[in-house]
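Each remark here refers to the structure printed beneath this line.
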Amino acid sequence: MTRGAGIEGEKISRGSLSFNFWGVQVQVRVDHDDDRAHLDYYFQDYRSAPSDVEPEFRLWLRSPTVPFTWDVADDQVVLIQDEEGVWRNASVNRSVVPTPLPPFGLPPLSTRMRTVHGCAATPRDDPDRALLIHGASTVGKSSLLLGLLKEGWHFVSDDTVPVTAQHCFIPFTRPVGIRQATLQRTPWLAPFMSKAKKFDTPTGITAALHPRDFGAAISSAMPAWVWTVIVESSEDFDVEKLGPCTIKISFDVRTHLAQAQEAILVLVEGRQ
């Protein structure tokens, strides 16, 4: 646990939220109704009723003046309550607590799984095997994922993909992050956007839309990680084969989205 300045005597309020992430109970305190509504939607599949059983973790997304932006700055801080009931700064060392919720970087989750930055989905006719799309933020991973989901693929995870020691993905059914530029490339999503929750990120306003709310199928098992697509930004389109199940796609998501999606289908269909 990261140690920082402690806040004595603060308890989780009756306005807190309870979540259960793969058997790990977490209570979360927030300072604003907007934050509560956002978390309630964002982690809707992991909400749990308050219990008399002590949770493994108590977190506080402390943001006294404005709703939490998930980009820790100024008076915003992620706190974790220690065994003595003191709130400690958990956001100063992102290698210890890479995301505030779920607490992937702390036991027991850190002993059960690791996380990969990317998007994952399974082919409609091959739900036991999965594809990972890996690349930098804003390169177009979510746009590619949305295109596959529209084709009937099953959603596994977006942005953060939990992986077991057996090289299987654990479905993480939180919403897909949709930036304004992504929405422009996927106009078919427009009728569903009224259900989305919007929040600030370092790259601008992002809308969180649960795959269920636009009719996507959800993976119901832990599929094996079979295919990997590495994506990078480039003015020119190119596909490089790195192995029997791995390709690198260099593309501009604004002009090569259809070509990139076709390259993914060729990779996967060639293995079926």
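Kirkwood hydrodynamic radius of region 230-272, from the reciprocal of the average inverse Cα-Cα distance over all distinct pairs: 10.4 Å.
Residues Ser234, Ser51, ordered by accessible area of protein heavy atoms at a 1.4 angstrom probe radius and largest first, appear as Ser51, Ser234.
The share of Cα pairs per 10 Å bin across region 23-73, counted from zero up to the longest distance, runs 23, 52, 24, 2 percent. Each Cα pair under 8 Å and six or more residues apart adds its sequence gap; the mean of these over the residue count of the chain is a relative contact order of 15 percent. With contributions of -39500 (n - 2.57) from each DSSP H run of at least four residues, the per-residue ellipticity at 222 nm computed over the chain stands at -4500 deg cm²/dmol. Measuring gaps between exposed loop sites in the chain (trypsin sites (Lys or Arg not before Pro); DSSP loop; at most 16 other Cβ atoms within 10 Å), the longest gap, sites not included, is 125-253.
When you filter the GluC sites (Glu not before Pro) in region 208-272 for DSSP loop state and at most 15 other Cβ atoms inside 10 Å of their Cβ, you are left with Glu235. What the Cα convex hull of the chain gives, in volume per residue, is 134 Å³. Overall form of region 167-217: oblate. Here a/c, set by the Cα gyration tensor axes a ≥ b ≥ c, is 1.5 or more, and a/b is not larger than b/c. Within the chain, which is the longest segment containing none of the chymotrypsin sites (Phe, Trp or Tyr not before Pro) that sit in a DSSP loop and have at most 14 other Cβ atoms within 10 Å? The longest such stretch corresponds to 23-236. Phi-derived couplings, Karplus 6.51 cos²θ - 1.76 cosθ + 1.60 at θ = phi - 60°, listed residue by residue for region 256-264: 10, 4, 5, 5, 5, 5, 5, 4, 5 Hz, with x used for Gly and Pro.
Provide the net charge surrounding Arg185, with neighbours chosen by a C-beta distance below 13 Å and charges set as Lys +1, Arg +1, Asp -1, Glu -1. Local charge sum for Arg185: +3. Spin-label pair Ile218-Thr138: with each label point 7 Å from Cα along the Cα-Cβ axis, the two points sit 3.2 nm from one another.
Within the shell of other residues whose beta carbon sits under 11 angstrom from the beta carbon of Ile247, the net charge comes to 0, with Lys and Arg scored +1 and Asp and Glu -1.
Label positions at Val266 and Ser110, each projected 7 Å from the Cα along the C-beta direction, are separated by 4.3 nm.
For the pair Glu235 and Thr164 in one chain, pulling the backbone fully straight at 0.36 nm per residue adds 22.0 nm over the alpha carbon distance.
In summary, the lysines within cross-link reach of Lys248, defined as a Cα separation below 28 angstrom excluding same-chain residues under 8 places away, comprise Lys141, Lys150.
DSSP beta bridges fully contained in the chain are about 70 percent antiparallel.
The values are calculated or read from the model by the stated rules, or taken from the named source; none is laboratory data. Source: prediction; values computed, not measured. Heads up, the Cβs are rebuilt from the backbone with ideal geometry, glycines too, and the neighbour counts pull from every protein chain shown. For the accessible areas, the whole protein counts, side chains as well, though only heavy atoms, and no ligand, DNA or RNA atoms are used. Shrake-Rupley method; radii C 1.70, N 1.55, O 1.52, S 1.80 Å.
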